[in-house]
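Taking it in order: structure first as structure tokens, then the write-up.
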Amino acid sequence: SQKIEQNSEALNIQEGKTATLTCNYTNYSPAYLQWYRQDPGRGPVFLLLIRENEKEKRKERLKVTFDTTLKQSLFHITASQPADSATYLCALISGGYNKLIFGAGTRLAVHP
Amino acid sequence: EAQVTQNPRYLITVTGKKLTVTCSQNMNHEYMSWYRQDPGLGLRQIYYSMNVEVTDKGDVPEGYKVSRKEKRNFPLILESPSPNQTSLYFCASSRSDRYSYEQYFGPGTRLTVT
């Protein structure tokens, strides 16, 4: 069956360190993968999109990698800050027409 | 300001009482979707629409209806709500640009069915 897995346990890190979140998928061949940020009680906010022919994408302190052989994406936040504390969701584009499949998300807590 | 709005934000209702959650976007987006979010399950797509009068089922469409009579509006209808439809609902919109697929989400509607 098709699955998208993100670490369900919260990730706790110290301010200034690099946070690394993992998204693994099975039985998909996505052309694109996206990452979103969600704060409590609010809708997800788009962060980055990476295509299957891109190994890495950067935006300010954010970096995403996409390994279609391992069927895995890694999401990095460098020089993390308490304001980065949120839940981060990965999503695959499956079947076109904006049909997104979301992972359950990983909660990140950055401590001062 | 570019945004997706949903109403109501909070709703408590009883089993079987028909309800509608409205969704509106001001970005002239072609695509609109409805999702529900439940703890541990993540966001699951209920229905989506590719343009006016064009809708299709997502992964969990049972018990829901939608319509797209105008480009900006995409209401979600629960004809006979049941307790298992208690959830947090999000509406989203996006452009038809296949190189983007960036979804703009509304603020959410928390529905409780007793």
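The values are calculated or read from the model by the stated rules, or taken from the named source; none is laboratory data. Bear in mind that the values here come from a model prediction, so they are computed numbers and not experimental data. Glycine gets a Cβ as well: all are built from the backbone with ideal geometry, and neighbour counts include every protein chain shown.
Just a few scattered comments:
- Tallying residues that are over 17 Å from B:LEU88 (Cβ atoms) and buried (at least 21 other Cβ atoms within 10 Å of the Cβ) within the range B:9-28 yields 1.
So that you can scan it fast, the table gives a plain yes or no per residue for (1) surrounded by 18 or more Cβ atoms within 10 Å (Cβ to Cβ); (2) within 15 Å of B:GLN6 (Cβ to Cβ):
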{"residue": "B:ARG36", "(1), (2)": "yes, yes"}
{"residue": "B:ASP59", "(1), (2)": "no, no"}
{"residue": "B:SER67", "(1), (2)": "no, no"}
{"residue": "B:ILE77", "(1), (2)": "no, yes"}
{"residue": "B:PRO81", "(1), (2)": "yes, no"}
{"residue": "B:THR86", "(1), (2)": "no, no"}
{"residue": "B:ASP97", "(1), (2)": "no, no"}
{"residue": "B:PRO107", "(1), (2)": "no, yes"}
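- The residues of the range A:26-52 that are touching a strand residue (DSSP E or B) at 6+ places or on another chain (Cβ under 9 Å) and more than 18 Å from A:THR87 (Cβ to Cβ), listed by number, are A:THR26, A:ASN27, A:TYR28, A:PRO30, A:ALA31, A:TYR32, A:LEU49, A:ILE50, A:ARG51, A:GLU52.
- Filter result (surrounded by 12 or more Cβ atoms within 10 Å (Cβ to Cβ), away from chain B (no Cβ under 13 Å) and of a type outside the set (A, V, I, L, M)) within the range A:1-20: A:ASN12, A:GLU15, A:LYS17, A:THR18, A:THR20
- B:ARG44 fulfils the conditions (1) within 14 Å of chain A (Cβ to nearest Cβ); (2) more than 20 Å from A:GLN38 (Cβ to Cβ); (3) part of a strand (DSSP E or B) except for a single criterion, (2).
- Residue within the range A:93-104 that is closer than 27 Å to B:TYR47 by Cβ, modelled with pLDDT under 95 and in contact with an Asp or Glu (Cβ under 7 Å, 6 or more places away or on another chain) present: yes
- Those strands (runs of 3 or more DSSP E) lying entirely in the range B:50-114 with at least 2 residues within 14 Å of chain A (Cβ to nearest Cβ) and among the β-branched types (Val, Ile, Thr): B:54-57
- Yes/no for A:GLN72 being closer than 28 Å to B:VAL4 by Cβ and polar (S, T, N, Q): no
- Residue within the range B:4-26 that is under 23 Å from A:ILE101 (Cα atoms) and part of a loop (DSSP other than H, G, I, E, B) present: no
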